[in-house]
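Some notes on the structure that comes next.
The values are calculated or read from the model by the stated rules, or taken from the named source; none is laboratory data. Owing to the predicted nature of the structure, the values given are computational and were not obtained by experimental measurement. As a convention, Cβ positions derive from the backbone with ideal geometry for all residues, glycine included, and neighbour counts pool all protein chains shown.
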């Protein structure tokens, strides 16, 4: 996995840190990237907040159930299409 | 008309249409499209009844068909020239040249408690509105990654995008959605 971070530097920018934060929910970051992110989050309250909220958002999205229902007109229409097909 | 393998097409609409519709709706963000997907799903199911072997429930079988239809739609959308990936964004609305947060983009605490203990209706209503601000390709990616939880390799293959493109897009979607939620919670 290619990250945008330079392989040598320890301090990363907020842009890079938020990218790593997004990536870590899905892929295993390299040890050095984990360190970079860890250090950045220690010193940057904004990215720390982003990281926290981002995790919360992921969790909430995965529990998302729509409360939308199909209208009766649509239901009747689809029902009659099915009936026709069954004949 | 009697089917040997326990399928009951007559009852599909009454039993499953609302649930399937909700599932489709949060993925395509459009009632008309979601409705058509449900109709297509039932028709495909009717015409392929012999593929139902009773190994999974009738309901899960219908879900499977619907999921395939939704993935087909993602794929088709990705190929449409109108929704080609706009990776080269001229201005970054979140970060300055040196990669630091722009002042107006700085994250702030959500003004209302949002928690995952209770299904907060307000949060989902907000999420719905924020999702509508995404463009077509972002919406596809959002659904595939966050709702369907398909892994990135699979998504890149389906949408024919590179892994670095993928992350740039996901990064931006996340920044956008977070910002939008923060803003709408504040306005509530």
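Listed values, structure above:
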item: Test: residue in the stretch A:65-73 that is facing chain B (nearest Cβ under 7 Å), farther than 30 Å from residue B:36 by Cβ and without any contact (Cβ under 8 Å) to a residue 12 or more places away in the chain; result: no
item: Flag for residue A:4 being facing chain B (nearest Cβ under 9 Å) and at pLDDT below 95; result: yes
item: Members of the stretch B:58-72 that are within 23 Å of residue B:9 (Cβ to Cβ) and under 14 Å from the mean Cα position of the chain (by Cα); result: B:66, B:67, B:68, B:69, B:70, B:72
item: Residue selected from the stretch B:28-39 under the condition modelled with pLDDT of 90 or more and in contact with a helix residue (DSSP H, G or I) (Cβ under 6 Å, 6 or more places away or on another chain), by the criterion farthest from residue A:61 (Cα to Cα); result: B:39
item: Residue, modelled with the lowest pLDDT, within the stretch A:60-73, restricted to residues that are in a helix (DSSP H, G or I) and surrounded by 11 or more Cβ atoms within 10 Å (Cβ to Cβ); result: A:62
item: Subset of the stretch B:38-63 [surrounded by 13 or more Cβ atoms within 10 Å (Cβ to Cβ) and closer than 26 Å to residue B:154 by Cβ]; result: B:38, B:40, B:41, B:44, B:45, B:52, B:59, B:61, B:62, B:63
item: Total residues in the stretch B:137-168, condition closer than 18 Å to residue B:23 by Cα and in a helix (DSSP H, G or I); result: 9
item: Given (1) surrounded by 11 or more Cβ atoms within 10 Å (Cβ to Cβ); (2) closer than 30 Å to residue B:23 by Cα; (3) more than 10 Å from chain B (Cβ to nearest Cβ), index of the condition residue A:76 fails; result: (3)
item: Residues within the stretch B:103-133 that are in a loop (DSSP other than H, G, I, E, B), surrounded by 13 or more Cβ atoms within 10 Å (Cβ to Cβ) and modelled with pLDDT of 90 or more, tallied; result: 2
item: Residue within the stretch B:47-65 that is modelled with pLDDT of 90 or more, in a helix (DSSP H, G or I) and at the interface with chain A (Cβ under 9 Å from one of its Cβ atoms) present; result: yes
item: Qualifying residue in the stretch A:46-57 (condition: crowded, with 18+ Cβ neighbours inside 10 Å, outside any helix (DSSP H, G or I) and out of contact with any strand residue (DSSP E or B) (no Cβ under 7 Å at 6 or more places or on another chain)); result: no
item: Selection within the stretch B:1-15 - more than 10 Å from every other protein chain (Cβ to nearest Cβ) and touching a residue at least 24 places away in the same chain (Cβ under 8 Å); result: B:5, B:6, B:7, B:8, B:15
item: Some residue of the stretch B:82-95 being out of contact with any helix residue (DSSP H, G or I) (no Cβ under 8 Å at 6 or more places or on another chain), surrounded by 11 or more Cβ atoms within 10 Å (Cβ to Cβ), part of a helix (DSSP H, G or I) and at pLDDT below 90; result: no
item: Unmet requirement for residue A:43, which otherwise passes all of (1) at the interface with another protein chain (Cβ under 10 Å from one of its Cβ atoms); (2) surrounded by fewer than 16 Cβ atoms within 10 Å (Cβ to Cβ); result: (1)
item: Any hit, the stretch A:20-36, residues being within 7 Å of chain B (Cβ to nearest Cβ) and not in a loop (DSSP other than H, G, I, E, B); result: yes
item: Residue in the stretch B:161-173 that is crowded, with 16+ Cβ neighbours inside 10 Å, within 21 Å of residue A:25 (Cα to Cα), more than 10 Å from every other protein chain (Cβ to nearest Cβ) and modelled with pLDDT under 90 present; result: yes
